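Let me begin by presenting the structure, written as structure tokens, before commenting on it.
The values are calculated or read from the model by the stated rules, or taken from the named source; none is laboratory data. This one's a predicted model, so the numbers in the text were calculated from it and none came from an experiment. Heads up, the Cβs are rebuilt from the backbone with ideal geometry, glycines too, and the neighbour counts pull from every protein chain shown. Just so you know, the surface numbers come from the protein's heavy atoms only, side chains and all, with ligands and any DNA or RNA stripped out. Shrake-Rupley method; radii C 1.70, N 1.55, O 1.52, S 1.80 Å.
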Amino acid sequence: MASAGGNGEEDARKVVLGVIGGSGLLKSAMFAPETMKEEVVETEAGFGKIKLMRKELNEELDIVFAQRHACDVEKDYSPPHLVNFRGLLSAMKQVGVNAILAVCSVGSMRHHIGMGALVLPDDFFCPQHILTTFDDARGHNVPGFNDALRTEILTALFRSGERPLDGGVYVNSNGPRFETKAEIRFMSQCGEIIGMTGAHEATLAKELGIPYAMLAIVDNMANGIGPQLTLEEFFAVQHKNQPKIENAVHVVLNHFKAYPEVLLSLDGDGADASADDKAPSTPASPKEVCDEVVHAKSVVTVDAEERVLENHAVAIKDGKIVDILPSHDADVKYGAFSSTTTKVVRLPDSVLMPGLINAHTHTPMVFMRGFSDDLPLDKWLTEKIWPTEVRTVSKDFVRDGSRLACAEFIRGGVTCFSDMYFFPESTAEIIEETGIRGFPGSIVIGFPSNYAQGPAEYLEKGRKMIEDYSGRTDRLKFCVAPHSTYAVSEEDLIKAHKMAREFNLPFHTHLHETEREVDDSERGDRSSSFCHQCDKKCRPLRNLLDNGIVDEHFVAAHMVHIKDDEIKEYAAAGAHVVHCPTSNLKLASGFCPVQKIVDAGINVAIGTDGASSNNSLDMFQEMKLAAIMAKGVAKEPCAIPATQALRMATINGAKALGIADQVGSLEVGKQADMIAVDLSDLSCLPTYHVVSHLVYACNRHQVSDVWVQGKCLMRSRQLLTIDAGKLRRVAEKWQAIIAEVDSNHDGTYQ
Ligand SMILES: [Zn+2]
Ligand SMILES: [Zn+2]
């Protein structure tokens, strides 16, 4: 036990805890007058007479209790704006209290902090009428609650099973009336809870060197935040909350009965002092630390059980999902408020879901969006797209185009893509730069380009890229992407497959996209630009199967023209299909029999294809079209239900790319590749089934926030890693270049 100064003849000094209660403790049996000894203190500083009540808890600890609204001996009751705060705190100082526990009834300015919630705020905001005891003395202090005392109280409550909220800002309004809605709108930007007394007490206690902490209980929702209460209703709630606050105070008093010396070790001046070393039996703050906690109305997990969790939160740490739990549990476990270590984000109208995976695209082709539409496929490719590409495509073209495409992806909720284009190294750099996840394709194509002179050089450059860029970031992986059986020779396809196997990468190609591709190969018409480049008169898939290329790495975009026996063989090989319905319709390629393919057990992902044949990189649109087109093709309204379409756009893409153990669903241990979709739009009312809305009713402009590997790439629709203004100027530049080339070229591309 500490003593007053080592004078053995005097009694060891008692530890004194001041308790200031409000209307909530007025009728508490714990502080019943008959159990306490009244002391009237004439304040030496001239702040009047104050009535205090003393009670001995044990031989080491006394409490000195004051009812703030009834401490003035001249009055029965003082409303908040007339409480003699200076007298009250001066009297507490005079009788030698070592620390003050203030119990405050507060209003909540947050929907998620409901009635009856216990809060230990860590700061306060008092914009007006700041009281001081320094009117005629020099003095200065840094206001704030005593953090060590606060932590001690929190810990005691947690140990007892209470779950108070740790942190938040207490806003002190003037009173005595409640605030207007406009006032609450303003003040809710400064803090989370609101009362009329705490900041005055805390400021004065700090001036007088008394450690002070607040235990608040929410007795009402602030004006405009919750239902308007009559005075009777307000008192009824307070009455209902009384056992809760009494129990909490009881727990805290018992704690200090056991550890009274802690109250002597608090530093009355330093708000940040820690009591940890002085009370080794007391653990630090019980909160767990993570990087970000995102609360949402629903969490659509896309896990094996298709769980949709209401009012849940996802906790992210070191890029991974470490917890998915009910919002209230998250508030208790990780804190309800943002702190220096943990960011807390609340999206009460939104759905959290895994980021969309665009499994087949050609990112830099965004610069040919709307450049040429509504032409026959061969004319479109051989007269417009290919001749323009050979004259314009460069490192810069690809870098600028990939950046624009990635911006479009992120704004549309796409967190991962599998690509196929020239200069894939430049796409890799953009993936590193923008924070998205991607698989640039090591392209192989039968004709020369600015990138490579022939298949050998394409393959060589691809190998160098894979070796040079591997391991830079987990977000960047590669695929081997020979264009098609009609643009790459049989021999080079076999070489490309060997390389995919060597590096354990997806083999990404176009296959059976058009009828001509299949028919001309079957007839062996080598004069056709769409005949596969080998002498066998068979369907392209047949030859790939015979060459052993179709295996679990094999990812074919399109597969529009596939027969039942082919489906069987393809399924047996464990290969994947990327369905690109918009591109297939726009280029009049036909209808992929998706339901049949799915029924055979083949993994089907979704892709947008390039922006020149879509013309947007919109995976929401693609998901909806996949679901509804399948019904029309199968003449079966049950074909590809919403849950299936959502899987195709998320986890199935991850499977095709070989990363289903890391992304594609929201599960603890997986990478935090996640998007928030705002369902508050009128177009989404009412909401019976969230997944139905995501597939059939939402559009990509409702995506508000995007995370990849736990890093936020878009917050409230603002891109955080890409300068959108710059993209606009760069796109205009490339439009001018492409228009110029288009008006001058001679139509050749080989
Ligand atoms: Zn393979
Ligand atoms: Zn394509």
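Among the residues of segment 529-549, those identified as polar (S, T, N, Q) and open to solvent by 20 Å² or more (accessible area, probe 1.4 Å) are S529, Q533, N547.
Which of the strands (runs of 3 or more DSSP E) contained wholly in segment 550-612 include at least 1 residues that are open to solvent by less than 10 Å² (accessible area, probe 1.4 Å) and more than 15 Å from ligand 2 (Cβ to nearest atom)? First the steps, then the outcome.
On the way: elements: 554-558, 576-579, 603-606.
Filter on segment 550-612 gives 554-558, 603-606.
Residue by residue, here is whether (1) in contact with a His (Cβ under 8 Å, 6 or more places away or on another chain); (2) surrounded by 21 or more Cβ atoms within 10 Å (Cβ to Cβ); (3) at pLDDT below 90 holds:
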position	(1), (2), (3)
L61	no, yes, no
R68	no, yes, no
K75	no, no, yes
P80	yes, no, yes
R86	no, yes, no
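Scan segment 166-185 residue by residue and report those that are closer than 16 Å to L131 by Cα and polar (S, T, N, Q). Within segment 166-185, N172, S173, N174 meet the criteria. Across segment 299-309, a minimum of one residue is classified as touching a His at 6+ places or on another chain (Cβ under 8 Å), open to solvent by less than 60 Å² (accessible area, probe 1.4 Å) and at pLDDT 95 or above. Considering (1) of a type in the set (S, T, N, Q); (2) farther than 28 Å from G590 by Cα; (3) touching a residue at least 40 places away in the same chain (Cβ under 8 Å); (4) open to solvent by less than 10 Å² (accessible area, probe 1.4 Å), the lone condition that S449 does not fulfil carries the number (4).
Considering T473, T415, the condition of being out of contact with any Pro (no Cβ under 6 Å at 6 or more places or on another chain) and open to solvent by 20 Å² or more (accessible area, probe 1.4 Å) is satisfied by T473 alone.
Residues that are within 16 Å of ligand 1 (Cβ to nearest atom), at least 3 per element: which strands (runs of 3 or more DSSP E) completely within segment 437-528 meet that?
Numbers: elements: 437-439, 441-444, 479-482, 507-511.
Answer list for segment 437-528: 441-444, 479-482, 507-511.
Take the residues of segment 566-592 that are in contact (Cβ under 8 Å) with a residue 60 or more places away in the chain and over 37 Å from the mean Cα position of the chain (by Cα): which is nearest to ligand 1 (Cβ to nearest atom)? Going through the qualifying residues, I end up with S589.
If the condition is being assigned to a loop (DSSP other than H, G, I, E, B) and either within 16 Å of ligand 2 (Cβ to nearest atom) or of a type outside the set (K, R) (or both), then segment 529-549 contributes S529, F530, C531, H532, C534, D535, C538, N547, G548, I549.
Hey, does segment 312-335 have a residue that's among the hydrophobic types (A, V, I, L, M, F, W, C), open to solvent by less than 50 Å² (accessible area, probe 1.4 Å) and farther than 24 Å from V703 by Cα?
In the first step, residues of segment 312-335 are kept if they are among the hydrophobic types (A, V, I, L, M, F, W, C); the result is 313-316, 321-322, 324-325, 330, 332.
Subsequent filtering for residues that are open to solvent by less than 50 Å² (accessible area, probe 1.4 Å) retains 313-316, 321, 324-325, 330, 332.
Checking the rest, the ones that are also farther than 24 Å from V703 by Cα come to 332.
Yes; the residues of segment 312-335 include at least one that is among the hydrophobic types (A, V, I, L, M, F, W, C), open to solvent by less than 50 Å² (accessible area, probe 1.4 Å) and farther than 24 Å from V703 by Cα.
The set of residues from segment 30-44 being modelled with pLDDT of 90 or more and outside any loop (DSSP other than H, G, I, E, B) comprises K37, E38, E39, V40, V41, E42. Every listed requirement among (1) surrounded by fewer than 17 Cβ atoms within 10 Å (Cβ to Cβ); (2) assigned to a loop (DSSP other than H, G, I, E, B) is met by F47 save one, (1). Given the criteria away from ligand 1 (no atom under 16 Å from the Cβ), in the same structural domain as I410 (by TED's automatic domain parsing) and in a helix (DSSP H, G or I), does L625 qualify? When the stated conditions are applied, L625 passes them. Among the conditions (1) within 35 Å of the chain's Cα centre (by Cα); (2) more than 16 Å from ligand 2 (Cβ to nearest atom); (3) in contact (Cβ under 8 Å) with a residue 40 or more places away in the chain, the only one that Y421 does not satisfy is (2). Please verify whether W707 is aromatic (F, W, Y) and in the same structural domain as A557 (by TED's automatic domain parsing), treating the condition exactly as stated. Spelling it out, it is not the case that W707 is aromatic (F, W, Y) and in the same structural domain as A557 (by TED's automatic domain parsing).
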